[in-house]
Every structure is written in C-alpha cells, then in structure tokens.
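These notes are about the structure you will find just below.
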Amino acid sequence: MSDKIYDVAIVGAGPAGLSAALYAGRSRMSTLLIEKKQDGGQVSITDLIENYPGCIDGETGPMLISRMSNQAKKFGTVRVKDTIVSVNLDSKIKTLQGEKEAYQAKSVIFALGAYPRQVGCPGEKELIGKGVSYCATCDAALFEDMEVFVIGGGDSAVEEALYLTKFARKVTIVHRRNELRAVKSLQEKAFSNCKIHFMWDSVLESLEGDGILEKAVFKNVKTGDIKVFDAPEEDGTFGVFVFIGVIPETKMLKGLVDMENDYIITDETMATKIPGVFAAGDCCKKSLRQIVTAAADGAIAATEALHYVENNFKEDATC
Ligand code: NAP
C-alpha cells in the first residue's frame, strides 16, 4: 500500500465521478480517481446526447466524456485503473483495496454507476455477443440491413431503437405494456419513424441458436399468445438489444452504508451515514437519473468532501 493519503478518493469515472474530480481538483484537494473500465459508464455507450445543457449538434456520449475527462485531468486529478474489491470505512483514514493496490484517503466519493439489467430468459446469456447486445453504439453496425428487436420501453430502449434504424432494415420495440415509459419527445420520434414497429404487451420468453442467434420466442402477457421469430434465411441471424433498466454497482458496500433496493441512500449533501463517505450519480437513491443530475451530485459530493476534510483534518494545515 502506498503511503500517500489523498484528501479524496473517487471510485467511478462516469459523469458523477468526473464532475466530482473536477470540483475536488479545482478546490486544490489531492484527488484520486479510480476506474475499472473505460471512463463514462453508461454514457460511453450512448449515441446521442440531446438533454445535457450545452450539448447540441449531435454530441455523442464518448465525445462528452472525453471532454469531461480532460477537464478533470487539467485540475490535477491522479488517475488509476483498478477494480476496488473491498473497503474499510471505519477509521478516520479510509482504505480502498483494489485488485492491484490499496489506496488511502480522508474522504471517499462512491460514483459507482449501474450496469444493464438482463431479461433472464433461457438462451440470453449464451448468446451475448452472438446476437444479444446491451449496447447499440457498440454493436448496431453488425446488423446492417437486418432485423433487430429492442426489449424495453424506457428512454434507453427508444433512444437506442432510433439509433439502430440507421443500420437495421426493421426495428421492433418489444414492450411489456401498451404504453412507453420514454419521454414524450422520444416517443414522437419513434412513432414517426417508419422503420420502427411495436410489439405491445409482450415479453421475451427465450432465445435459441447454435453459436449465433437464430430464434426468439415472445409471449403476449395479456393473451398468452406465443410469437416465434426465426432468422430470415438470407440473413442467417438477427439482433436482440436489451434495455430494461439498470442495476446499481453497489455490491461491495452492502451492509456498510444504508441502501434501498441496492441504491445508496444519501442526504441532500450526498453524504452517507458514515462520516467522510459520500455517493453520487446513478448508484444513489434518487428520482431522476440523467447525466445532468449525476454531474450535479458529483459537484455537491466533492464540495461537501472538501468541507469534511477541512473540518476534520485541521491538524494537517500548514502556515
Ligand atoms: P427505465 O427508465 O427503468 O426503463 C426500463 C424499461 O424496461 C421500462 O419500460 C420497463 O417497463 C422495462 N422493463 C423493466 N424490467 C423489465 C423486464 N424484466 N422485462 C421487460 N421489460 C422490463 O430504464 P432506462 O431506459 O435504461 O433508463 C434508466 C435511467 O436513465 C432512467 O432514469 C432514464 O430516464 C435515464 N436515461 C435517460 C436518457 C436521456 O435522457 N436521454 C437516456 C437513457 C436513459 P415498464 O415501463 O413497464 O416499467
């Protein structure tokens, strides 16, 4: 373990973590930002950002995240690629144990994000990357001029269905109800796109294929009717893109901080019940999960972490 004790360690480099790093670095806190994969979390696999203030003219998720990362770096954030596997938050100095190293900090901000929920039907797991995907930006091009199904009726499903129409010849949104959850402006775009079709009141029952997706079975939840889709002969396969919400990445904090349905409970200062421990972004219990709210959480958490460190580590001050 390094001797270095940071003022703040931030776990997760999505919009919440990057915004926290920007605010912490700008307040001259020594700041460590730990990320296990690429920066951006969910945003890094989002095609079009239309509702983050100032993002106009077709800004993509990766473009926005790249600017956020550069901005955080500019203010001195130390970056580490590591997966935190356990934490010790009991002492005044918190320890984060990574796969590679252990890190110490006076305060911690967990900006852990969330990962895509799976349908859980037979065949889904086996066919991931062989027709089943959770990322249109990553995999849409594989289905050029083919048929794809999008499972879900929220913002992600509709937004990604619209993106998929740039590649696929037909996109069918399969939703378990007869009314979309997505915001009205997205619904309007989807309803007026001639490539988008709807299978209402339906769920995905099973997927089949020998090394590649060949068959999908859907069930109408109202009538019980079963619909089988076989890969068109000329294509040999088709796509199933699943966007049915996300699950917070909070497993490592279970039993340590208060949670509801696996989402971390914070107060309005993004503080958990543990002094010096904050949370921000999609891993928190909140009413609106958007880039703008994640970024706001990060800014608040970093500002409060600064106050916490100033008030609790006065002995460190030098003249
Ligand atoms: P979401 O809003 O939770 O929507 C999930 C959708 O999947 C809902 O339509 C839900 O149906 C359906 N669903 C859930 N579990 C299912 C299951 N087991 N089987 C079949 N269908 C299931 O999730 P999301 O679209 O991923 O969005 C997550 C958050 O990110 C939201 O807060 C969203 O607003 C935000 N987001 C925002 C944007 C944007 O602003 N541009 C883009 C993407 C995401 P019901 O409707 O029946 O519950």
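The values are calculated or read from the model by the stated rules, or taken from the named source; none is laboratory data. Computed from a predicted structure; not experimentally measured. All Cβ positions, even for glycine, are placed from backbone atoms using ideal geometry, and neighbour counts span all protein chains on display. These area figures cover heavy atoms from the full protein model, side chains too; ligands, DNA and RNA do not enter into them. Shrake-Rupley method; radii C 1.70, N 1.55, O 1.52, S 1.80 Å.
Listed values, structure above:
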read-out: Candidates per GluC sites (Glu not before Pro) in the range 134-175, loop by DSSP, up to 14 other Cβ within 10 Å; value: GLU144
read-out: Overall Cα dimensions of the range 125-242, principal axis frame, Å, largest first; value: 39, 33, 24
read-out: Relative packing of peptides 297-308, 122-133 - highest average C-beta neighbours within 10 Å first; value: 297-308, 122-133
read-out: From the C-alpha gyration tensor of the range 1-118, square roots of 5λ in Å; value: 27, 16, 11
read-out: Accessible surface of the range 125-242 [probe 1.4 Å, protein heavy atoms]: carbon and sulfur percent; value: 48
read-out: Label point distance in nm, GLU144-ARG117, each placed 7 Å from Cα along Cα→Cβ; value: 3.5
read-out: Packing-based order for 10-17, 50-57, using average beta carbon neighbours within 10 Å, highest first; value: 10-17, 50-57
read-out: Between the range 237-289 and the range 29-71, the Cα center-to-center distance that results, in Å; value: 19
read-out: 20 Å Cα-Cα reach of LYS81 towards aspartates and glutamates, excluding residues that sit fewer than 8 places from it in its own chain; value: ASP3, ASP7, GLU35, ASP39, GLU99, GLU101, GLU249
read-out: Cα-Cα over 24 Å, subset of LYS100/LYS285; LYS195/LYS215; LYS130/LYS215; LYS251/LYS285; LYS36/LYS189; value: LYS100/LYS285; LYS36/LYS189
read-out: Scattering profile of the range 158-311 at q = 0.10, 0.19 Å⁻¹ [log10 I(q)/I(0), Debye over alpha-carbon scatterers]; value: -0.57, -1.12
read-out: Rh by Kirkwood over Cα pairs, then Stokes-Einstein D for the chain at 0.692 mPa s and 37 °C, µm²/s; value: 156
read-out: Formal net charge of residues neighbouring GLY123 (Cβ-Cβ distance under 12 Å; K, R +1; D, E -1); value: -3
read-out: Linear extension gain, ILE128 paired with LYS184, 0.36 nm per residue minus alpha-carbon span; value: 17.1 nm
read-out: Out-of-range pairs (alpha-carbon distance over 21 Å; input LYS37/LYS92; LYS125/LYS166; LYS4/LYS106); value: LYS37/LYS92; LYS125/LYS166
